[in-house]
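Below you'll find the structure, written out as structure tokens, and then a few comments.
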Amino acid sequence: MIREERISALKHAVENRILVLDGAMGTMIQRHKLDEAAFRGERFKDWKQDLKGNNDLLVLTQPQIIREIHGSFLEVGADIIETNTFNSTSISQADYGLEDYARELNREAARIAREAADAWSEKTPDKPRFVAGAIGPTNRTASLSPDVNNPGFRNISFDELVEACSEQARGLIEGGVDTILIETVFDTLNAKAAGFAVKQVFDELGVELPIMISGTITDLSGRNLSGQTPEAFWYSMRHIKPFSIGMNCAFGAEQLRPAVSDLSEEADTYVTAYPNAGLPNELGEYDETPEEFAPKLEAWARQGLVNMVGGCCGTTPEHIRLLAEAVAKYPPRIIPERKHKMRLSGLEPFVHD
């Protein structure tokens, strides 16, 4: 299918059933126990800095591993897979001296995911598969100072974020993604910069893809790092007219549920949720089993809270397989009709009748 046909198929699918996102790319990469040489590959064998841990680079040095991981999630029922580009901005890649490779990383990651999704679409023509181009939050925050002694200091500007996200979006679109996913948003201003960048690239390239936005909460107060409640976060982002809004990562399904519920009640668009497999243990590993994970999200489906579900840190193909089976019996959330009102956001939402 050409891109326009895939987007139409995606919109048709989400109207008729709960779609399933994939699980944790990082968790699956860790299972391969790759060493420094494996991350470097032949192309970067003489690179001046250590590259171990740069998972995004594997689309260039170990593409077969990334392709296999995508396939493992598609095989168990994932409708949408995310590109391996969480840290593929020039900002994040600068930690490895690879900022000049950002566009190539995104293009190749999208191409690999596209090939995997298309292969499974051919196997299941009644269930086409889709690719979401992942734009992570970067390792900088535009709203907060990293220096406790200088609250006005910022280590990144809005314009710098826009430039980096624009480059990333160009690569993802060139590689053939169906949607853009601005994910794990801890700082709303970072997400606004990403959204602005994506819209600019759409105008530049003459294309328009659905934009998915997924925030995360950073403490048990239920707010993101820049202090916003989920409802205020939605009001801050709704001008982008996203295809979906949602939550991912955080502390696991139980702690994420109130935020998902708030968005489900307020958002007049589709709602996504892909939490971690519980909280990490003292070794940084996730112990929540697929049998524990899937019923928690099944309850959300039963209560009509979600349109798309998946897994974040710690979730494996088995988590996604049981999740897909669990939610298949439920209809998707019905988008509420919201009366036209003035809706503003600071840290808290403000609605004026």
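Scanning segment 217-232 for residues that are in contact with a helix residue (DSSP H, G or I) (Cβ under 6 Å, 6 or more places away or on another chain) and not in a loop (DSSP other than H, G, I, E, B), which turns out surrounded by the fewest Cβ atoms within 10 Å (Cβ to Cβ)?
Looking at residues that are in contact with a helix residue (DSSP H, G or I) (Cβ under 6 Å, 6 or more places away or on another chain) and not in a loop (DSSP other than H, G, I, E, B), I get Glu231.
If I go through segment 238-256 residue by residue, how many of them are under 24 Å from Ala13 (Cα atoms), without any contact (Cβ under 8 Å) to a residue 60 or more places away in the chain and in contact with a helix residue (DSSP H, G or I) (Cβ under 9 Å, 6 or more places away or on another chain)?
So the answer is 4.
Give just the number: which of (1) under 24 Å from Asn16 (Cβ atoms); (2) among the hydroxyl-bearing types (Ser, Thr, Tyr); (3) touching a strand residue (DSSP E or B) at 6+ places or on another chain (Cβ under 9 Å); (4) not in a strand (DSSP E or B) does Ser214 not satisfy?
(4)
Mind listing whichever residues of segment 130-151 are on the phi < 0 side of the Ramachandran plot and out of contact with any Lys or Arg (no Cβ under 9 Å at 6 or more places or on another chain)?
Ala132, Gly133, Ala134, Ile135, Gly136, Pro137, Asn139, Asp147, Val148, Asn149, Asn150, Pro151
Does Ala267 satisfy being touching a residue at least 24 places away in the same chain (Cβ under 8 Å), within 30 Å of Val351 (Cα to Cα) and among the hydrophobic types (A, V, I, L, M, F, W, C)?
Answer is yes for this residue.
Any residue at all in segment 87-100 that is on the phi < 0 side of the Ramachandran plot, in a loop (DSSP other than H, G, I, E, B) and among the acidic types (Asp, Glu)?
No, segment 87-100 contains no residue that is on the phi < 0 side of the Ramachandran plot, in a loop (DSSP other than H, G, I, E, B) and among the acidic types (Asp, Glu).
On the given criteria, is Leu57 hydrophobic (A, V, I, L, M, F, W, C), free of Cβ contacts under 8 Å to residues at least 60 places away in the same chain and surrounded by 19 or more Cβ atoms within 10 Å (Cβ to Cβ)?
The answer is yes for Leu57.
Restricting segment 233-253 to residues that are assigned to a loop (DSSP other than H, G, I, E, B) and among the hydrophobic types (A, V, I, L, M, F, W, C), which is farthest from the chain's Cα centre (by Cα)?
Here the answer is Phe251.
Laboratory data are not the source of any read-out in this text; all were calculated from the coordinates shown. Everything numeric in this text was worked out from a predicted model, so none of it was measured. Cβ atoms come from the backbone with ideal geometry, glycine included; neighbour counts cover every protein chain shown.
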